[in-house]
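Presented below is the structure to which this report refers.
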Amino acid sequence: MTDEMNIADYLAQGGRLTNPANVPPRYRAELMKLMSIFVDSELAGAAGFADVINDGPGIKERIAAARIVLEKTDHADKVLRLMGEFGANTDRYVGHHPWTDRLPRDTAPGSTRSTHDMRLSVFNYPLDGWADAVVMNLCMGHAVSVQLEDMARVTYQPLAEALREVLPVERRHTELAEEGLERLGAEGQGAAIAKSLAYWRPRVAAVFGDPSDDRMAQLQAWGLRHASAPEMRAEWEKRLDAALARLGLTETA
């Protein structure tokens, strides 16, 4: 199916694209952007979390952090291989960006570091120790789940299948964060947790940006987006608030 004038009708009828040869140019450009954002975010997230592994208070926590780094890197590899099928130079891609680079901690939410680095803006901010990393993992983990649930319905079938494999693993990362915060709260670190929540929540919220109305309509017609940014942000807020309620935590505690 290569006719861009008919692709929306084809996809609206339940059709799926299954290999690069069937993908028209404009759809391909948006698909590659979607995959680049995912890969860059996973690699940047893994790099940032790798720096705090040894801040973990015990062996169990360090093992969990190391597993998150490994699995996020593996998730990036899954999608990067799909990009390679479209001609992306995957070896150069991984080595091209300084994945550990961050903006100053006090930079305003939503700021980006480089136009050539497609990571979500939240991954441009540095972590500040173990408790801060766990809080960030909880906040962003729920955002990732909301976003991946939408992306896993994408009409490029190989990507949809890859993300359906990734989703339960990312959900487990969020569960690990909740378990970690429960332990930190029991240790009397409520004030530090609240401070980190106040820092990370607006920075995670900023990742729910919407394209222009015309572009959003086109993405939805192609099945590359489904829910709007306000819908996804509202769902994220609901899930995060529920997690904080389970933990007995607030951002002003």
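The values are calculated or read from the model by the stated rules, or taken from the named source; none is laboratory data. Remember, predicted model here, so these are calculated numbers, not experimental data. We place every Cβ from the backbone using ideal geometry, glycine too, and count neighbours over all the protein chains shown. Accessible surface areas use protein heavy atoms only, side chains included; no ligands, DNA or RNA. Shrake-Rupley method; radii C 1.70, N 1.55, O 1.52, S 1.80 Å.
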>> On C-alpha positions alone, give me the angle between the axis of helix 25-50 and the longest principal axis of the chain, in degrees, nearest 10.
In response: 20 degrees
>> In whole Hz and in residue order, list the ³J(HN,Hα) couplings for region 130-140 that follow from phi through the Karplus curve 6.51 cos²θ - 1.76 cosθ + 1.60, θ = phi - 60°; x for Gly and Pro.
In response: 5, 4, 4, 5, 5, 4, 4, 5, 5, 4, 6
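Share of Cα-Cα pairs in region 1-148 beyond 28 Å, in percent? Could you put the intermediate results ahead of the total?
Working: 3260 of 10878 pairs.
Here the long-distance tail beyond 28 Å is 30 percent of all Cα pairs in region 1-148.
Roughly how many debye, to the nearest 20, is the charge dipole of the chain about its Cα centre, given +1 on each Lys and Arg Cβ, -1 on each Asp and Glu Cβ, and no other charges?
120 debye
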>> With a 1.4 Å probe and all protein chains left in place, how much accessible area per residue does region 128-225 have, in Å²?
In response: 37 Å²
>> Once you place label points 7 Å from the Cα toward the Cβ at ALA245 and ASP214, how far apart are they in nm?
In response: 4.3 nm
>> For Cα Rg over 2.2 N^0.38 Å, one of (i) 1.03; (ii) 0.99; (iii) 1.58 was computed from the structure I shared and the rest are decoys. Which label?
In response: (i)
> For region 195-250, which whole-number percentage of the solvent-accessible area (1.4 Å probe, protein heavy atoms only) is attributable to carbon and sulfur atoms?
Replying inline: 53 percent
> Is the shape of region 108-214 rounded, prolate or oblate, going by the alpha carbon gyration tensor and its root eigenvalues a ≥ b ≥ c, with a/c under 1.5 for rounded and a/b larger than b/c for prolate?
Replying inline: oblate
> Where in region 52-157 are there trypsin sites (Lys or Arg not before Pro) that are in a DSSP coil and have at most 11 other Cβ atoms within 10 angstrom of their Cβ?
Replying inline: ARG105
>> Tell me the per residue accessible area of region 42-94 using a 1.4 Å probe; a whole number in Å² is fine.
In response: 50 Å²
> Using a ≥ b ≥ c from the Cα gyration tensor of region 42-113 (square roots of the eigenvalues), is it rounded, prolate or oblate, where a/c under 1.5 gives rounded and otherwise the larger of a/b and b/c decides, a/b for prolate?
Replying inline: oblate
> In sequence order, what are the phi-derived ³J(HN,Hα) couplings for region 210-222 according to the Karplus relation 6.51 cos²θ - 1.76 cosθ + 1.60 with θ = phi - 60°, rounded to whole Hz, with x for glycine and proline?
Replying inline: 9, x, 4, 4, 5, 5, 4, 4, 5, 4, 5, 5, 7
> Calculated from DSSP H runs of 4 or more alone, at -39500 (n - 2.57) each and per residue, what is the 222 nm mean residue ellipticity of the chain, nearest 500?
Replying inline: -22500 deg cm²/dmol
